[in-house]
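Computed from the coordinates by the stated procedures, all read-outs in this text should not be read as laboratory data. Quick caveat: nothing in here was measured; it's all calculated off a predicted structure. Quick reminder, even Gly has a Cβ in these numbers, built from the backbone with ideal geometry, and neighbours come from all protein chains shown.
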Amino acid sequence: MSEAAARFLAEEIKRKPDIVLGLPTGATPLGMYRELVTAHREGGLSFSSVRIFNLDEYYPISPRHPQSYNRYMWDNFFGRVDIAKENVHIPSGEVPARDIIKYCESYEKDIFACGGLDITILGIGRDGHIGFNEPGSSLSSKTRLKTLTQETISDNGRCFASLSEVPKFAITMGISTILSSRVIMLLASGRNKAEALAKAIEGPVTCEVPASSLQLHKEVVIIADEEAANALKRKKYHKFVEKMWLKDVWPGMLYK
Ligand code: F6R
């Protein structure tokens, strides 16, 4: 999954060096970031003109906090490639509360000023969330402050010293911000994502499963491992589609 995702991105970066990317954090993309770092160090892939907008950040949180998404991105990816600091945009977890609405509007404006998102990479939550758009999020939502669900807060508890330290909010791109991206690539691995992925791809479009909104988009690439794909009713057909695309439409694109 990680190799295929990195290969897809590397090709797109070579095609458009100043590409605008929407990027996620979490466990899922770690392998993809590792592959991209290798492509930079060993294959000379340059990120010097690539522009980044991260999907989300906890609120409130300092960018220096070890669990902040800012820190995650610099530790796992940006700090290991030739990305230009001024091209990196990560929602701030330190905006004064009274300025949040204006700040979120300015995040949207900055995306627009860069010409919009070219490719946005997503992971998927067990409840079908994308970014921090929890179930029930409006399909027309833009970047905003989102209150996390109890499940997300307790899931995130693992990473903080105590549950009381886990931020209860996040600033996240909205579903409509994500859908404005020209291409979306969703990554899923492991059996605990199988049910969410099946609902997202084969279930009805509903705000209860935010990832199901991707059905409304015209160019979504889903890269899933066998376990994550296991609950798909039409798995056989999806595999056939993959085989035919890699043979006739994107030869050599995702796999070596
Ligand atoms: C994080 C994000 C989230 C994660 C999702 C899956 O920036 O956007 O939607 O992608 O929670 O997380 P992992 O990959 O840790 O299972």
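Here are some notes:
- Rounded to the nearest 20 debye, dipole of the chain from Cβ charges on Lys, Arg, Asp, Glu: 420 debye
- Between LEU186 and LEU122, VAL221, ILE222, ILE223, the built amide H atoms are under 5 Å apart, and every one of these is 5 or more places off in sequence or on another chain.
- Anisotropy class of the range 56-104 from Cα gyration tensor, a/c 1.5 cut: oblate
- For q = 0.07, 0.15 Å⁻¹, Debye-computed log10 I/I(0) when each Cα of the chain counts as one equal scatterer: -0.22, -1.12
- Between the range 145-219 and the range 75-107, the alpha-carbon center distance in angstrom: 20 Å
- Think of it as helices only: each DSSP H run of n ≥ 4 in the chain is worth -39500 (n - 2.57), and spread over all residues that comes to -9500 deg cm²/dmol at 222 nm.
- Taking the DSSP bridge list for the chain and keeping only pairs wholly inside it, about 35 percent are antiparallel.
- Given LYS16/LYS218; LYS146/LYS235; LYS146/LYS233; LYS16/LYS85, the pairs whose alpha carbons are separated by over 30 Å: LYS146/LYS235; LYS146/LYS233
- The label point for ARG34 and the one for ALA97, both projected 7 Å from the Cα toward the Cβ, are 4.1 nm apart.
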